[in-house]
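These notes are about the structure you will find just below.
Read-outs: derived from the displayed coordinates by stated rules, not from any lab. Quantities reported herein were computed from a predicted structural model and do not represent experimental measurements. Neighbour counts run over all protein chains shown; Cβ positions are idealised from the backbone, glycine included.
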Amino acid sequence: SQQGEEDPQALSIQEGENATMNCSYKTSINNLQWYRQNSGRGLVHLILIRSNEREKHSGRLRVTLDTSKKSSSLLITASRAADTASYFCATGDMRFGAGTRLTVKP
Amino acid sequence: GAVVSQHPSWVICKSGTSVKIECRSLDFQATTMFWYRQFPKQSLMLMATSNEGSKATYEQGVEKDKFLINHASLTLSTLTVTSAHPEDSSFYICSASPLTAPYGYTFGSGTRLTVV
């Protein structure tokens, strides 16, 4: 069974804009991870945030975690066409949400 | 580092035959590997957790006799789809993490299975 849900399910933006994706989960967690998947490929780990962390940065990525609301968000700043992919969150037990399909138009 | 190799990347087989998919950690050891199934434009559905040296833990609704998982070493887990049928056609992906967790998991590149 899946752990949670991302929203929106699909997001289309122009290059240079910021993209925000949200993830909600159902149970207590030790950590939450964000992954990216290009069409028909495996997943690439982007960032892991532990349950005692509230915010984490990696390059153009910013992840926040609110354990009281059981939610996390992934912000991609200054998006590029190459950021076009599906983005998933996963809880520590490696169950994935539905994902957000991001399209960045050049 | 932390590379997972999955083989084959695609396979076409006839109904009724069995197909084996390998998931190998190339530069680290993994006591646990995960197997997923993904339908087009959908998320990854966890099928089972593969534990080295012991039986796999299957998710509810996944037939363990149909999807045989073997994790005989710290670097290799295999998924065998037995007596495959067209409805088994899907994208199968494995993942693993170094023993020194918690780090992000590394995924194989996936196997596209088509049963005709």
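Just a few scattered comments:
For every residue, the table says whether it meets (1) closer than 26 Å to B:Lys41 by Cβ; (2) crowded, with 17+ Cβ neighbours inside 10 Å.
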position: A:Lys26; (1), (2): yes, no
position: A:Ser39; (1), (2): yes, no
position: A:Arg50; (1), (2): no, no
position: A:Lys70; (1), (2): yes, yes
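- Condition check for B:Leu46: in contact with a Phe, Trp or Tyr (Cβ under 7 Å, 6 or more places away or on another chain) and either within 19 Å of A:Ser86 (Cβ to Cβ) or assigned to a loop (DSSP other than H, G, I, E, B) (or both): yes
- Scope region B:81-92; condition of a type in the set (S, T, N, Q) and loosely packed, with under 15 Cβ neighbours inside 10 Å; matching residues: B:Ser83
- Scope region B:46-67; condition more than 19 Å from B:Thr31 (Cβ to Cβ) and under 10 Å from the mean Cα position of the chain (by Cα); matching residues: B:Phe67
- One residue from B:Gly104, B:Gly108 being under 24 Å from A:Leu46 (Cβ atoms) and in contact with a His (Cβ under 6 Å, 6 or more places away or on another chain): B:Gly104
- Output for region B:67-116, where each listed residue is part of a loop (DSSP other than H, G, I, E, B), more than 10 Å from chain A (Cβ to nearest Cβ) and among the hydrophobic types (A, V, I, L, M, F, W, C): B:Leu74, B:Ala84, B:Leu99, B:Val116
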